[in-house]
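Here's the structure we're looking at; comments come further down.
The values are calculated or read from the model by the stated rules, or taken from the named source; none is laboratory data. Only a predicted model underlies this, so the values are computations on that prediction, with no experimental measurement involved. When we count neighbours, we look across all protein chains shown, and the Cβ atoms used for this are built from the backbone with ideal geometry, even at glycine. Keep in mind that these areas ignore ligands, DNA and RNA; they rest on the heavy atoms of the full protein, side chains included. Shrake-Rupley method; radii C 1.70, N 1.55, O 1.52, S 1.80 Å.
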Amino acid sequence: MNFTRPFLFLSVAAMVCIAAAFSACESSTQDAYFAEASQSRTAVDLHAGASGRTGPAVEGAGKPEGIGLFAGHYYYIREGAAHRLYQRQRFAQGYWIDRKGRIVASDGSIVHLRNAEMVTFAGVHLPIPPGVTFP
């Protein structure tokens, strides 16, 4: 039996498919994607906190995100809602809180809060904004 002929045919077919795939990747439509006119129609995420912006709320910029103290309990505050923290919690922004209410910032410093105060993940102390819904 001679296996070289089917192997040769499959090898040539694979090379043709790969060449077609590479030529499709190098089309000029990719340049149109980065053109200035097409970027005016780009949809972006405008929610504060989703892109790392955790500073104080400014008109049109969203609501602050961070850890707050209200009525003796600690809450994670995000997008106008408060979620009570019952156990040790570590946040992706580098902050963590233990069961006794000790908050440690991403740089290792201890954060102290008064009642109805919050700290954003950017390290800004501010009063809990009005309109935050508590459980």
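Numerical summary
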quantity: Peptides ranked, highest mean first, by Cβ atoms within 10 Å: ranges 102-113, 63-74; calculated: 63-74, 102-113
quantity: Computed label-point distance, nm, for sites Ser11 and Phe91 using a 7 Å Cα→Cβ extension; calculated: 6.1 nm
quantity: Accessible area in the full protein assembly, largest first, 1.4 Å probe, for Phe91, Phe134; calculated: Phe134, Phe91
quantity: Where the range 60-135 is the region considered: accessible area per residue in Å², 1.4 Å probe; calculated: 59 Å²
